[in-house]
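The values are calculated or read from the model by the stated rules, or taken from the named source; none is laboratory data. Small disclaimer: the values here were computed from a predicted structure and weren't measured. Neighbour counts are summed over all protein chains in view; Cβ atoms, including those assigned to glycine, are modelled from backbone coordinates with ideal geometry. Each accessible area value is taken on the protein alone, full model and side chains, heavy atoms only, with ligands, DNA and RNA left out. Shrake-Rupley method; radii C 1.70, N 1.55, O 1.52, S 1.80 Å.
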Amino acid sequence: MSLLTFKGGVHPNDGKALAKDKAIVQVQPKGDLVYPMSQHIGAPAIPIVAKGDHVLRGQMIAEAGGFVSAPIYASVSGTVKVIEPRFTPAGSKVNSIVIENDGEYEEVEYSTPKAVSEMSKEEILNAIGDAGIVGMGGAGFPTKVKLSPKEPDKIDYIIANCAECEPYITADYRQILEHGEELVEGMKIILRLFDNAKGLFGVEDNKPDCIEKLKELTKDEPRMEVLKLQTKYPQGGERQLIYATTGRAINSSMLPADAGCVVDNVATISAIYRAVAKGEPSMDRIVTVSGDAVHEPGNFKVPFGMNQAELIEAAGGYKVDPEKIISGGPMMGFSMFTVDVPVTKTSSSILCFTKDEVAQYEPTACINCGRCVEVCPSRLIPSRLADYAEHHDEEAFTKHEGLECMECGSCSYVCPAKRQLKQAIGSMRKTALANRKKK
């Protein structure tokens with residue numbers, strides 16, 4: 001049987017060997033912890049503590065600011081030092097709660113939740129929302145909202161994104177190997193919300209140990225199936241994963257629910273299990289620290305709010321000063337000008353490189369080779385869209401489906417002229433989407 005996949009895509013050097021065999025290590029912060037109020041799509045959380053308050057680990061410090069929002073919990077015990085704007089990994093300043101860590105890690109007493117089998121669908125959804133869980137693999141969409149489609153009976157598939165197609169990142173891989181039971185139990189909980197759905201685990205074939213483990217864990221689960229995907233970037237993209245696993249296609253104007261699907265990544269589904277079955281709020285995540293500038297690349301269980309500079313020190317610090325530091329993967333992540341920023345709910349990795357390979361090249365004129373068209377998973381013509389973007393021709397950009405771009409960066413990766421196609425298209429997409437909202 002052929003491997004499941006999609007049209008287009010690229011095969012960059014995955015760099016996973018640096019960290020994939022490194023077991024997850026728990027790290028504890030030393031300095032202050034910073035909790036930005038915007039760690040998710042939607043309305044910012046609203047602080048419910050004040051300067052001078054003493055808080056415990058697991059205590060809510062900010063409540064959801066609306067339906068599309070999520071609360072935030074302290075991941076250490078200590079004193080609220082200040083509430084003020086602080087930088088996030090993306091480089092923006094966001095109102096944040098700063099807690100002085102007292103090093104005691106005193107924790108609240110969690111109430112014992114009801115057995116999952118006795119919980120109603122509403123109780124399960126409320127437990128997920130109250131725990132502050134958001135998508136931990138991408139944009140940070142509040143998970144309770146994602147699991148509350150208008151027509152739940154029309155959801156056919158719950159897809160666990162186990163592809164982890166971005167180079168270097170191995171956090172989900174280690175999570176499956178070391179705590180795969182949490183992932184499967186989390187899937188069971190989600191399936192209780194959707195009577196007609198089947199759970200699919202989409203895993204790239206470069207992770208045979210994960211495939212074997214998940215197949216063993218689900219062998220007695222008739223509503224679950226493990227699917228082997230072709231190893232290719234961006235196999236873990238939402239649209240590509242849905243097409244590869246179900247054959248259904250969606251575009252930018254649709255939600256996965258419109259195709260009868262819900263997609264969540266490994267960390268999110270595992271957090272659902274801990275929230276619903278154990279009553280634990282979302283307070284930490286697995287983060288990969290890797291790259292050729294790091295002494296000891298590895299995977300770390302990190303409390304939200306911990307300073308990323310401390311996390312790099314936990315990985316042995318720098319071998320040499322890096323030329324480039326990336327938050328997230330090298331294909332869709334973003335460069336950081338400082339590591340004096342906190343780990344947030346969507347911080348999957350910190351990558352530190354001795355050379356900034358992209359900056360070494362000077363873009364030249366397009367040679368009309370068509371490589372960008374061959375690899376585009378959205379079946380677009382990136383070179384043409386970039387031309388429209390550079391000439392600020394929003395009308396032509398929109399007419400030629402520029403809004404369908406998922407900004408995966410495959411076009412920039414293969415371009416022999418080294419044109420910054422993704423950046424140009426991405427900037428115009430933001431402009432076009434902003435103008436559309438004004439109408």
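Is it the case that some residue within segment 313-324 is closer than 21 Å to Gly135 by Cβ and not β-branched (Val, Ile, Thr)?
The initial filter retains those residues of segment 313-324 that are closer than 21 Å to Gly135 by Cβ, namely none.
No, segment 313-324 contains no residue that is closer than 21 Å to Gly135 by Cβ and not β-branched (Val, Ile, Thr).
Select from segment 82-108 the residues that are small (Gly, Ala, Ser) and part of a loop (DSSP other than H, G, I, E, B) and write down the one among them that is nearest to Ala171 (Cα to Cα). Outline the logic, then answer.
Of all residues in segment 82-108, those small (Gly, Ala, Ser) come to 90-92, 96, 103.
From the residues that got through so far, the ones that are part of a loop (DSSP other than H, G, I, E, B) too are 90-92, 103.
Values: Ala90: 20, Gly91: 23, Ser92: 25, Gly103: 26 Å.
Checked segment 82-108; the qualifying residue nearest to Ala171 (Cα to Cα) is Ala90.
Counting only residues that are modelled with pLDDT of 95 or more and part of a loop (DSSP other than H, G, I, E, B), how many does segment 109-134 have?
Final tally of qualifying residues: 5.
Quick one: would you say Cys411 is at pLDDT 95 or above and either assigned to a loop (DSSP other than H, G, I, E, B) or surrounded by fewer than 20 Cβ atoms within 10 Å (Cβ to Cβ) (or both)? Even if it seems obvious, please write down each step before you answer.
Numbers: at pLDDT 95 or above: yes; either assigned to a loop (DSSP other than H, G, I, E, B) or surrounded by fewer than 20 Cβ atoms within 10 Å (Cβ to Cβ) (or both): no.
So Cys411 fails the test.
Please tell me if Ala267 is open to solvent by less than 20 Å² (accessible area, probe 1.4 Å), touching a residue at least 12 places away in the same chain (Cβ under 8 Å) and aliphatic (A, V, I, L, M).
Details: open to solvent by less than 20 Å² (accessible area, probe 1.4 Å): yes; touching a residue at least 12 places away in the same chain (Cβ under 8 Å): yes; aliphatic (A, V, I, L, M): yes.
Considered against the rule, which asks whether it is open to solvent by less than 20 Å² (accessible area, probe 1.4 Å), touching a residue at least 12 places away in the same chain (Cβ under 8 Å) and aliphatic (A, V, I, L, M), Ala267 comes out as yes.
Could you list, in sequence order, all residues of segment 413-439 that are over 17 Å from Ser252 (Cβ atoms) and touching a residue at least 12 places away in the same chain (Cβ under 8 Å)?
Tyr413, Val414, Cys415, Pro416, Ala417, Lys418, Arg419, Gln420, Leu421, Ala424
Considering segment 225-252 alone, what residues qualify as being surrounded by fewer than 22 Cβ atoms within 10 Å (Cβ to Cβ) and part of a loop (DSSP other than H, G, I, E, B)?
Scanning segment 225-252 gives Gln230, Thr231, Gly247, Arg248, Ala249, Ile250, Asn251, Ser252.
Restricting attention to segment 21-28, does a residue exist that is crowded, with 21+ Cβ neighbours inside 10 Å and either at pLDDT below 95 or polar (S, T, N, Q) (or both)?
Scanning segment 21-28, I find no residue that is crowded, with 21+ Cβ neighbours inside 10 Å and either at pLDDT below 95 or polar (S, T, N, Q) (or both), so the answer is no.
Out of all the residues in segment 46-69, is one or more surrounded by 18 or more Cβ atoms within 10 Å (Cβ to Cβ), in contact with a Leu (Cβ under 9 Å, 6 or more places away or on another chain) and at pLDDT 95 or above?
Among the residues of segment 46-69, not one is surrounded by 18 or more Cβ atoms within 10 Å (Cβ to Cβ), in contact with a Leu (Cβ under 9 Å, 6 or more places away or on another chain) and at pLDDT 95 or above, which makes the answer no.
What pairs come out if I take residues in segment 316-333 that are part of a loop (DSSP other than H, G, I, E, B) and pair them with residues that are open to solvent by 50 Å² or more (accessible area, probe 1.4 Å) whose C-beta lies under 6 Å away, six or more apart or interchain?
Between residues of segment 316-333 that are part of a loop (DSSP other than H, G, I, E, B) and residues that are open to solvent by 50 Å² or more (accessible area, probe 1.4 Å), the close pairs are Gly316/His295; Gly316/Glu296; Gly317/His295; Lys319/His295; Glu323/Lys355.
Within segment 165-178, identify whether any single residue is under 27 Å from Asp220 (Cα atoms), aromatic (Phe, Trp, Tyr) and either open to solvent by less than 60 Å² (accessible area, probe 1.4 Å) or assigned to a helix (DSSP H, G or I) (or both), and answer yes or no. Before the answer, list the steps.
First, pick out the residues of segment 165-178 that are under 27 Å from Asp220 (Cα atoms): 171-178.
Cutting the leftovers down to aromatic (Phe, Trp, Tyr) gives us 173.
Within this subset, residues satisfying the condition of being either open to solvent by less than 60 Å² (accessible area, probe 1.4 Å) or assigned to a helix (DSSP H, G or I) (or both) are 173.
Scanning segment 165-178 turns up at least one residue that is under 27 Å from Asp220 (Cα atoms), aromatic (Phe, Trp, Tyr) and either open to solvent by less than 60 Å² (accessible area, probe 1.4 Å) or assigned to a helix (DSSP H, G or I) (or both).
Go through segment 192-210 and give me each residue that's open to solvent by less than 10 Å² (accessible area, probe 1.4 Å) and either among the small types (Gly, Ala, Ser) or free of Cβ contacts under 8 Å to residues at least 60 places away in the same chain (or both).
Ala197, Gly199, Leu200, Phe201, Gly202, Val203, Glu204, Lys207, Cys210
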